[in-house]
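Notes follow the structure.
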Amino acid sequence: LGGTHTFPLDSNFFTVPATIRGGISGMISSQGNLIVGKENALYSVSGDLDDLTITIDKITEGGIGIACHNASRDTPRGSIFLSKVGFYMIANGYHLLEVGAQINKIFTDSQYQSSLILQLRRSFAFNVERQEKYMCFIPTESGTGTGKYANGTSTVQVYDYYHDAWGDYTGLNMGGGITVMDEELYWLSRQDDSVLTVTGRLWK
């Protein structure tokens, strides 16, 4: 594209200073701010990049961070995300709140059996706006290599952010993603079939 649609190399990026090593694990557009996350750090960026009038605030370093970019969703109450130790929210662009206190123990209880290790990096979340619910599929996996698939101990954790309540959906494999169309919820499973071939099926 030409004209104003180009991305000039000298001004289409900025540096977020950090004392914590490691790469960026996720970003969230949160109520006018950009949240940049490492696995154990969070930063809030605000301002105007065109005028180079941006402010970078440290939310936390050496503590809570973003475990999976695809499990982060912005909601009217704040941006909900999955960390290595459970679910948290950033409200008003920089206030860190633990919203998963009722269930966050599953992230430590599950680590002792290899068949129950939650694969946080392959989680996927969706905000069901009309019902005011944040849904997060966290797989546990079987198989090896490219033949890995979500197995029966995977979990779907659901946060009703209007009532501040958690629940879980059992028996749902949402390993292929979630979406809403015509006010109905659809998801794609990813699992093995009777001949041990990893396949996807569409559900609603």
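Spin-label model, Ile117 to Leu97: label points 7 Å out along the Cα-to-beta-carbon direction sit 3.4 nm apart. Size of region 26-174 from its Cα atoms: along the principal axes, largest to smallest, the extents are 50, 34, 25 Å. Ranked by the mean number of other Cβ atoms within 10 Å per residue, highest first, peptides 53-66, 130-143, 162-175 order as 130-143, 53-66, 162-175. Enclosing the Cα atoms of region 67-133 in their convex hull gives a volume equal to 90 cubic angstrom per residue.
What you get for region 29-168, charging only the Cβ of Lys and Arg (+1) and of Asp and Glu (-1), is a dipole of about 500 debye around the Cα centre. Sorting Ser29, Ser154 by solvent-accessible area of protein heavy atoms yields Ser29, Ser154, largest first, with a 1.4 Å probe. A 1.4 Å probe over all protein chains sorts Asp160, Asp48 by accessible area into Asp48, Asp160, starting with the largest.
Using a probe of 1.4 Å, the accessible surface attributed to Arg73 totals some 60 Å² when neighbouring protein chains are kept in position. Legend: distances between Cα atoms for Lys58/Lys105; Lys38/Lys58; Lys105/Lys204; Lys105/Lys148; pairs beyond 20 Å are Lys58/Lys105; Lys105/Lys204; Lys105/Lys148.
The values are calculated or read from the model by the stated rules, or taken from the named source; none is laboratory data. Quantities reported herein were computed from a predicted structural model and do not represent experimental measurements. In this analysis, Cβ positions are derived from the backbone assuming ideal geometry, glycine residues included, and neighbour counts consider all displayed protein chains. Heavy atoms of the whole protein, side chains included, go into the accessibility calculation; ligands, DNA and RNA do not. Shrake-Rupley method; radii C 1.70, N 1.55, O 1.52, S 1.80 Å.
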